[in-house]
1. All but one of (1) open to solvent by 10 Å² or more (accessible area, probe 1.4 Å); (2) more than 16 Å from ligand 2 (Cβ to nearest atom) hold for Leu124; which doesn't?
2. Would you mind stating whether Met137 is in contact with an Asp or Glu (Cβ under 9 Å, 6 or more places away or on another chain), without any contact (Cβ under 8 Å) to a residue 60 or more places away in the chain and either of a type in the set (A, V, I, L, M) or surrounded by fewer than 17 Cβ atoms within 10 Å (Cβ to Cβ) (or both)?
3. Between a first residue in the stretch 39-56 that is touching a residue at least 12 places away in the same chain (Cβ under 8 Å) and a second residue that is acidic (Asp, Glu), which pairs have beta carbons less than 6 Å apart while being 6 or more apart in sequence or on different chains?
4. Would you point out which residue out of Thr58, Thr64 is over 15 Å from Arg265 (Cβ atoms), out of contact with any helix residue (DSSP H, G or I) (no Cβ under 6 Å at 6 or more places or on another chain), among the hydroxyl-bearing types (Ser, Thr, Tyr) and within 16 Å of ligand 1 (Cβ to nearest atom)?
5. What number goes with the only condition from (1) basic (Lys, Arg); (2) within 15 Å of ligand 2 (Cβ to nearest atom); (3) within 22 Å of Pro51 (Cα to Cα); (4) out of contact with any Pro (no Cβ under 9 Å at 6 or more places or on another chain) that Lys240 does not pass?
6. Could you tell me how many of the residues in the stretch 248-291 are of a type in the set (Gly, Ala, Ser) and away from ligand 3 (no atom under 16 Å from the Cβ)?
7. Could you grab me the full set of residues in the stretch 42-82 that are in contact with a His (Cβ under 9 Å, 6 or more places away or on another chain) and either open to solvent by 20 Å² or more (accessible area, probe 1.4 Å) or more than 16 Å from ligand 3 (Cβ to nearest atom) (or both)?
8. Which of the residues that make up the stretch 198-218 are open to solvent by 40 Å² or more (accessible area, probe 1.4 Å) and part of a helix (DSSP H, G or I)?
Amino acid sequence: MSTQTLKYMRHAKRPAIQRHWSVDEVEALFKLPFADLLYRAQQVHREHFDPNAVQLSTLISIKTGGCSEDCSYCPQSSFHSTGVEDKKMLGVDAVVAAARYAKQNGADRFCMGAAWREPSDADLARVVEMVKAVRAMGLETCATLGMLTDEQTEQLRVAGLDYYNHNLDTSPEFYGDIISTRDYRDRLDTLERVRKAGMHVCSGGIVGMGENLTQRAELVAQLANMEPYPDSVPINNLVKVEGTPLAQAEELDPLDFVRTIAVARITMPTARVRLSAGRQQMSDAVQALCFLAGANSIFYGDQLLTTGNPDVERDRKLLDRLGMYPLAGKH
Ligand code: SAM
Ligand code: DTB
Ligand code: SF4
């Protein structure tokens with residue numbers, strides 16, 4: 001392997017092992033025989049984590065629909081007719097009640113999502129109240145609200161927000177085919193703000209949008225080469241929603257999804273790699289392969305933002321069958 005510049009970076013819980021990855025190197029990982037790829041991913045995973053513990057994040061949509069961005073995959077964009085209505089922002093009490101329920105079910109992190117290009121200052125003031133209240137319940141907090149200014153980032157930090165989610169979504173090259181209302185640089189700038197403010201970065205992407213293998217490798221290289229790479233890396237399988245431009249996208253080979261998880265694990269050894277959207281459409285066997293490939297986090301709860309997720313009962317059974325346990329119960 002080239003560029004053996006292994007160095008230890010600061011990390012909240014453990015040192016992140018960081019090196020530079022060229023796109024060719026990442027693509028070569030994708031092309032390994034499946035068994036070799038999974039073996040490497042498992043080695044890396046077991047070096048840094050208990051392979052049987054899974055981190056559980058519950059999502060809530062605090063502001064649904066009517067978004068001014070044109071993301072081709074998203075049911076909440078006002079550019080697409082998907083039947084998702086433009087709703088008012090939830091109140092703090094409703095969010096606190098949902099967080100309490102998530103905690104009772106065993107979640108350790110609560111992620112508040114909003115269909116915004118960026119929050120207004122008035123919106124942000126309410127999010128700040130939500131963050132404070134959820135954190136006071138002993139849950140880790142995460143928010144995904146779109147682009148942030150320096151001042152807004154600081155307000156979230158002061159409120160005690162633990163993670164900010166902002167996905168790169170795809171490779172820089174393919175990005176323009178998917179979104180036209182903001183550019184890649186905007187995304188990187190927001191992530192940089194969040195990181196500088198001292199919050200944990202949660203950033204990943206979507207596969208199965210028609211990107212080619214090199215573009216998929218480029219997405220992973222972009223994430224892995226951030227200094228430091230994100231603490232949390234959601235890997236979403238496109239949920240094809242009727243009315244979005246990607247509704248008829250070609251189905252991704254499930255083994256290629258598993259490969260993406262494995263490559264993320266190898267290139268970002270100490271990150272939480274989250275098996276994210278798309279689980280409802282995935283067999284238990286493919287999900288089990290994702291855990292073998294190094295996924296150690298899921299979205300947990302019956303809903304993602306506007307689409308479904310496996311219900312809590314199905315997930316409990318799956319984790320049980322695999323001898324896996326929620327992180328919250330272990331630490
Ligand atoms: N509006 C904010 C933003 O875009 O950053 C936050 C919410 S947005 C819905 C969060 C992420 O959800 C997107 O970046 C994308 O990765 C993911 N997402 C949205 N629609 C999806 C879909 N149909 N399938 C898979 N992931 C999706
Ligand atoms: C992420 O990477 N995936 C989540 C969360 N971060 C906000 C969202 C998935 C949304 C799937 C489509 C929907 O339910 O609207
Ligand atoms: Fe809006 Fe986020 Fe959906 Fe894009 S992904 S349309 S920014 S809610």
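1. For Leu124, the exception is condition (1).
2. No: the conditions fail for Met137.
3. Matching pairs, first to second residue: Leu56/Asp108.
4. Thr64
5. Of the numbered conditions (1) basic (Lys, Arg); (2) within 15 Å of ligand 2 (Cβ to nearest atom); (3) within 22 Å of Pro51 (Cα to Cα); (4) out of contact with any Pro (no Cβ under 9 Å at 6 or more places or on another chain), the odd one out for Lys240 is (3).
6. Count: 6.
7. Pro51, Ala53, Asp70, Cys74
8. Result: Leu213, Thr214, Glu218.
The values are calculated or read from the model by the stated rules, or taken from the named source; none is laboratory data. On a predicted model such as this, the values are computed, not experimentally measured, just so you know. Backbone-built Cβ (ideal geometry, glycine too); neighbour counts: all protein chains shown. Only protein heavy atoms, including side chains, enter the accessible area calculation; ligands, DNA and RNA are left aside. Shrake-Rupley method; radii C 1.70, N 1.55, O 1.52, S 1.80 Å.
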